[in-house]
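A.B. asks: Here it is: the structure, laid out below.
Every number here is computed from the coordinates shown, using simple stated rules; none is lab data. Since the structure is predicted, the reported quantities are computational estimates derived from the model, not experimental observations. Heads up, the Cβs are rebuilt from the backbone with ideal geometry, glycines too, and the neighbour counts pull from every protein chain shown.
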Amino acid sequence: MSKDYIVKAYQTTRNANTESLTETRYRVFDLDGNMVDDAQGYGYKSARNAHVGYHYTRHPDKIRANKKLKQRVHRWCDQHADIDAIIYVYLFDTLKNDETLSAVEEKALFEGLTENLPAVPFSAADYFKYRQ
């Protein structure tokens, strides 16, 4: 997966009590060289922060949706603690035998235990991804 942006460092100076301090800051540029993010004019203090900040500004809806889905799964697990406990014990026994469940087996287990319940508001894959 290729990125559609690059992070470049630059030097900035600031005066602090007659001393001139030079700091390295980072900005995000698109592939054409246009600056797309510079932390509201201050620049990021590290390249990692530049990547994280730019990713967050580009995908806040996706992040928010994942957070809501995770909360929905946790709420469902709290309401259906008996089913969650059965799945936990089954997974524990499976891992104790040095085995793992495939995605198909996870789906079959989850759907088998929830077939008599009203519609579950997420998929089996979401359950196993976000469960506690």
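A.B. asks: Can you order the peptides 40-50, 109-119 by their average number of other Cβ atoms within 10 Å per residue, highest first?
C.D. replies: 40-50, 109-119
A.B. asks: Nearest 0.05, what FRET efficiency do residue 4 and residue 88 give at R0 = 30 Å with Cβ-Cβ as r?
C.D. replies: 0.15
A.B. asks: Taking 22 Å as R0, compute the FRET efficiency from the Cβ-Cβ separation of residue 23 and residue 58 and round it to 0.05.
C.D. replies: Once the sixth-power term is evaluated, E becomes 0.30.
A.B. asks: Sticking with this one: Let me have the relative contact order for the chain, percent, based on Cα pairs under 8 Å that are six or more residues apart.
C.D. replies: Relative contact order for the chain comes out at 16 percent.
A.B. asks: Under a cut-off of 18 Å between alpha-carbon atoms, report the lysines in cross-link reach of residue 45, not counting same-chain residues fewer than 8 places apart.
C.D. replies: Once the sequence-local lysines are set aside, what remains near residue 45 is 8.
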